[in-house]
Amino acid sequence: MRMFASIIAATLLFAGTHAANSQGMLKSLDLMSDDFTKSEMTRADIERALAALKTDETLDLSGKRLNGLDLSGLDLRRATFRAAKIMGTNFRGANLDRVKLDQAWALNSDFSGASMKGISLFGSQLMHAKLDKADLTGARIAGDLSQASLTGAKLNGADFSADMRNQSMGLMRGNLTSARLDGADLSGANLARALIEYASLKETILKNAKLSGAEIAGADFTGADVSGADFAGADVSSAKLTGLKGKESSNIEKAKNLERAITEK
């Protein structure tokens, strides 16, 4: 419990300086309260509810407290988790393809190896979450994954771009600040205007990825494949851009503050 409290404290400090306006609410919430630490259902309850679904029915878990549950390996494609509280919940190896996790609270949750193709993470809070080797192909991610681990994850065609239609909620976009994406596949991903400062993208595949206007200052792209990637207007100040593959077919020369980046001499 003390370890979790320390993680929450660090997250709140981090969120206060880097998150979008809509995420500033974190500082006023008691994330150690029952709402964010206890569960109103068990794994068995969820398994029974899923088994009882009729054709075309969906299990609505919106707003439910499911904190700390072990839901590993479950087929959850017919469930909805909008605004659910799934803090520290174990989804390792689960099937969450095309599931709605919009505005869900999933700090410190574990999605390692989960199938999450086409999942919706709009306004979701996944700080410190584990998504190593998860498959998020085609996912819509306008949520906070700061300090999350996505090593070896499949993010082909994923959309982290800013949603310009929701300015009343602040700039909703993918936040990967200080996240670990080493070896991840972001081929064709849309990272336009995404927040990727200080993230680790070593050996990441960014073929034909769109990074226009992204904030990637201080990020480490060592050995990344940037073939065909669009860096127009991306802020690369202090970013490590060494050992890049396919650099000649990208437009990295159009990046902002390129003279302040770390490059080969």
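Since every read-out is calculated from the coordinates, none of them should be taken as a lab result. Treat the numbers as computed from the prediction; the structure is a model and nothing was measured. With ideal geometry, Cβ positions are generated from the backbone for all residues, glycine too; neighbour counts draw on all protein chains shown.
Projected label points at THR42 and ARG78, each 7 Å from Cα along the beta carbon direction, are separated by 2.2 nanometres. Only DSSP H runs of four or more residues enter the estimate; each adds -39500 (n - 2.57), and after division by the residues of the chain the mean residue ellipticity at 222 nm equals -3500 deg cm²/dmol. Cross-link pairs exceeding 23 Å between alpha carbons, from the set LYS64/LYS130; LYS207/LYS240; LYS117/LYS247; LYS207/LYS254: LYS117/LYS247.
Rounded to the nearest 20 debye, the dipole magnitude of the chain is 80 debye, with +1 charges on Lys and Arg beta carbons, -1 on Asp and Glu beta carbons, and the Cα centre as origin. Taking 0.36 nm per residue of separation and subtracting the current Cα-Cα distance, fully stretching the chain between SER62 and GLU264 would add 67.7 nm. Overall form of region 199-265: rounded. Here a/c, set by the Cα gyration tensor axes a ≥ b ≥ c, is under 1.5.
Among MET87, MET172, sorting on how many other beta-carbon atoms sit within 10 Å of each Cβ, with the fewest leading, yields MET172, MET87. Taking max minus min of the alpha-carbon positions on each principal axis, the chain gives extents of 60, 39, 34 Å, largest first. Going from the fewest other Cβ atoms within 10 Å to the most, the residues THR151, THR42 appear in the order THR42, THR151. Of all DSSP bridge pairs formed entirely within the chain, close to 5 percent run antiparallel.
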